[in-house]
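My questions all concern the structure below.
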Amino acid sequence: MMYTALVSGVLFPLHEKLKKHSSVAVRRHMEQTQYWPPARLQELQIERLRALLLRAQQQVPYYRAAFARIGFDAARDFKGVADLVRLPLLDKATIRENIETLKADDARNLVRYNTGGSTGAPLTFFVGRHRVSHDVAAKWRATRWWNVDIGDREIVIWGSPIELSAQDRVRMVRDTLMRTELMSAFATTEAGLDGHVERIRQRRPKMLFGYPTVLARIASHAEDKGIRLDKLGIRVAFVTSECLYPSQREQIERVFGCPVANGYGGRDSGFIAHQCPGGKLHITSEDIVIEVLDPEGRQLPPGESGEIVVTHLQSGDFPFIRYRTGDVGALDTEPCSCGRTLPVLKEIHGRTTDFLINQDGTLIHSAALAYIMRDLPAVRAFKVIQETLDWTRVQIVYDGLFDDKARQAVEAGFHARMGKQVKIDVELVPEILPEKSGKYRYCVTKLETPWNALTK
């Protein structure tokens, strides 16, 4: 505890000061605003949103032209979040095509960032110190909700080549001082999983951080080997970057003997929301505006599901205004029992690409297909690829003999959900490979879905 207090109270603040970040002061302010009355929080959000739009209009060539084209004046026309529907949506293709004109004229010390490209479309963009400070502060605040802090022993199991290739000597010294250890999410062989389990036992971290798929796989491997990991003193397992399924949560919590805290966000969209011990996903509303849109681009009320579109209020140097996350979710109508007044995300269904199309034209969420596979205990991993409306491939890693009964069960389950006339090709494979980012995509469709209409 004394070392943790030294790191969180002295060493990390010094680290941030040397990098000219204001994350310490921002976090302290956030720990007050999280309990503000909702009306006061909304006033703060509107004030910051107005400032972002004004700066975009005055300093960012792309938005100066875009606002002029539609006749929008931020000082005159902006009254609240509802007015955002007048503005264009921002997606990865737009950023790639306008990367230089999206930089603010008065921006200084921009840092180049990249996404891992788990959806097959990597993105390069720029971030200023102000946004970095707020993103760090938001994550730090949420970490402290779980009775852990910077300086507690942590194991991060990550797959992004960006982090894995950046372990220079300075970073290694920093991670050693902060007691953070990075392990590769790509080590999914028998030997690699053995190494992860043994290192976790040796390290006895207070917190884990990683993809739910990878943590669940490590948990399953330890359980298969009869190795106990629930008495190591792990207080929480933070998961992010993938949809967290109930079965994964249950397995991680059972094997590691700790609660799972689901986080939602991205390198591009920022730290959007984090689960508190009360069980709800709190939105970082001081810095993030969320719109939930239907396929026609209309804002939906809380409780209704649509595509999540994000405006990052601290991204003035390189604005992310109405940025399409590609995720589908809904806002909650009920506050959290924890007492924090931050608005709540009710649920995240997954990415827009996690939906397949039935023969009758209706959407099917990948979770419906996942339940078919989970009814077959010998299925170790799987991937669904919808090639056409009439043809779907199912790749399966199977433990044991895949007989006619198992094949018929898979085909019957998919026919029941996708249509009886769909051709289902079952392919036995030795391994389902992750994307370049280390994440796994269980469900891929090559068809156009209604969500694509937002870009037309």
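Look at Pro88 and say whether it is of a type outside the set (Asp, Glu) and assigned to a loop (DSSP other than H, G, I, E, B).
In short, yes.
Any chance the range 194-203 includes a residue that's in contact (Cβ under 8 Å) with a residue 40 or more places away in the chain, assigned to a loop (DSSP other than H, G, I, E, B) and in contact with a Lys or Arg (Cβ under 8 Å, 6 or more places away or on another chain)?
No, there is no match, as no residue in the range 194-203 is in contact (Cβ under 8 Å) with a residue 40 or more places away in the chain, assigned to a loop (DSSP other than H, G, I, E, B) and in contact with a Lys or Arg (Cβ under 8 Å, 6 or more places away or on another chain).
Would you please name the residue that is nearest to the chain's Cα centre (by Cα), looking only at residues in the range 254-276 that are more than 19 Å from Ile290 (Cα to Cα) and not in a helix (DSSP H, G or I)?
Here the answer is Ala261.
Taking Ala138 as the residue in question, decide whether it is in a loop (DSSP other than H, G, I, E, B), at pLDDT 95 or above and open to solvent by less than 50 Å² (accessible area, probe 1.4 Å).
No; evaluated as a whole, the condition is false for this residue.
Hey, does the range 278-287 have a residue that's crowded, with 21+ Cβ neighbours inside 10 Å, touching a residue at least 24 places away in the same chain (Cβ under 8 Å), under 25 Å from Arg153 (Cα atoms) and in contact with a helix residue (DSSP H, G or I) (Cβ under 7 Å, 6 or more places away or on another chain)?
So far as the range 278-287 goes, no, none of its residues is crowded, with 21+ Cβ neighbours inside 10 Å, touching a residue at least 24 places away in the same chain (Cβ under 8 Å), under 25 Å from Arg153 (Cα atoms) and in contact with a helix residue (DSSP H, G or I) (Cβ under 7 Å, 6 or more places away or on another chain).
(1) over 22 Å from Gly316 (Cα atoms); (2) surrounded by 20 or more Cβ atoms within 10 Å (Cβ to Cβ); (3) touching a residue at least 60 places away in the same chain (Cβ under 8 Å): which one isn't true of Gln248, the others all being true?
(3)
Sticking with this one: So, of the residues in the range 338-364 that are at pLDDT below 95 and of a type in the set (Ser, Thr, Tyr), which turns out to be most open to solvent (accessible area, probe 1.4 Å)?
The residue in question is Thr362.
From the list Arg50, Arg55, pick out the single residue that is farther than 23 Å from Val292 by Cβ, charged (D, E, K, R), over 19 Å from the mean Cα position of the chain (by Cα) and assigned to a helix (DSSP H, G or I).
Being farther than 23 Å from Val292 by Cβ, charged (D, E, K, R), over 19 Å from the mean Cα position of the chain (by Cα) and assigned to a helix (DSSP H, G or I) holds for just one of Arg50, Arg55, which is Arg55.
Continuing with the same structure: Can you pull out every residue in the range 50-92 that is in contact (Cβ under 8 Å) with a residue 40 or more places away in the chain, open to solvent by less than 10 Å² (accessible area, probe 1.4 Å) and not aliphatic (A, V, I, L, M)?
Hit for the range 50-92 is Tyr63, nothing else.
Out of all the residues in the range 377-414, which are part of a strand (DSSP E or B), more than 28 Å from the chain's Cα centre (by Cα) and either of a type outside the set (Phe, Trp, Tyr) or closer than 14 Å to Tyr442 by Cα (or both)?
Selection gives Thr388 alone.
Out of all the residues in the range 178-213, which are among the β-branched types (Val, Ile, Thr) and either touching a strand residue (DSSP E or B) at 6+ places or on another chain (Cβ under 7 Å) or under 14 Å from Ile157 (Cβ atoms) (or both)?
Passing the criteria: Thr180, Thr188, Val197, Ile200, Thr213.
Residues in the range 277-313 that are under 15 Å from the mean Cα position of the chain (by Cα) and part of a loop (DSSP other than H, G, I, E, B): how many?
1
The values are calculated or read from the model by the stated rules, or taken from the named source; none is laboratory data. These numbers come from a predicted model, not from an experiment. Positions of Cβ are backbone-derived with ideal geometry, glycine not excepted, and every protein chain shown enters the neighbour counts. The accessibility values were calculated without ligands, DNA or RNA, using every heavy atom of the protein model including side chains. Shrake-Rupley method; radii C 1.70, N 1.55, O 1.52, S 1.80 Å.
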